[in-house]
């Protein structure tokens, strides 16, 4: 009797596990943020690159810079210096009113600004490039510029 009861309990647990797991699998399917490429700073950027940059941004940047790139992430209030607001298209390492080159933006992400709380990011070049391209999507200035 005990063995039969144990098998019945095991079968119910297995059914529950499958029932619980199925919706979780459906939730794991992610929709891409971009379904077409864009021209940013005079460069054609594929949807695949923008989606890769989006994923990297969500993983590494959103806590400080926020979902919308406004510098209002959940960690921002605890920082000594406010994170960059990417929506303005203003960057401290180029003259006011100018946009950095793609290479300069990639290098700034790579080296960080440790004295202002932004760590350097040791990523592959293609990841840094995708992240830089995604950051450009926050400001309309990149869409208007040939930078």
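The values are calculated or read from the model by the stated rules, or taken from the named source; none is laboratory data. In this text, all values refer to a predicted model and were calculated from it rather than measured experimentally. Counting neighbours? That spans all protein chains shown, and the Cβs are built from the backbone with ideal geometry, glycine included.
Data table
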{"item": "Residue count for the stretch 57-78, restricted to those that are in contact with a strand residue (DSSP E or B) (Cβ under 9 Å, 6 or more places away or on another chain) and not in a helix (DSSP H, G or I)", "result": "0"}
{"item": "Those residues of the stretch 62-88 which are under 17 Å from residue 114 (Cα atoms), loosely packed, with under 13 Cβ neighbours inside 10 Å and either in contact (Cβ under 8 Å) with a residue 12 or more places away in the chain or within 16 Å of the chain's Cα centre (by Cα) (or both), in sequence order", "result": "80, 81"}
{"item": "Residue match in the stretch 122-143 (condition: at pLDDT below 95, assigned to a helix (DSSP H, G or I) and within 23 Å of residue 67 (Cβ to Cβ))", "result": "yes"}
{"item": "The listed residue being over 18 Å from residue 127 (Cα atoms) and in the same structural domain as residue 130 (by TED's automatic domain parsing), out of 46, 78", "result": "78"}
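Per-residue answers, yes or no, for (1) under 23 Å from residue 89 (Cα atoms); (2) modelled with pLDDT of 95 or more:
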| residue | (1), (2) |
| --- | --- |
| 30 | no, no |
| 33 | yes, no |
| 37 | yes, yes |
| 44 | yes, yes |
| 47 | yes, yes |
| 54 | yes, yes |
| 57 | yes, yes |
| 67 | yes, yes |
| 72 | yes, yes |
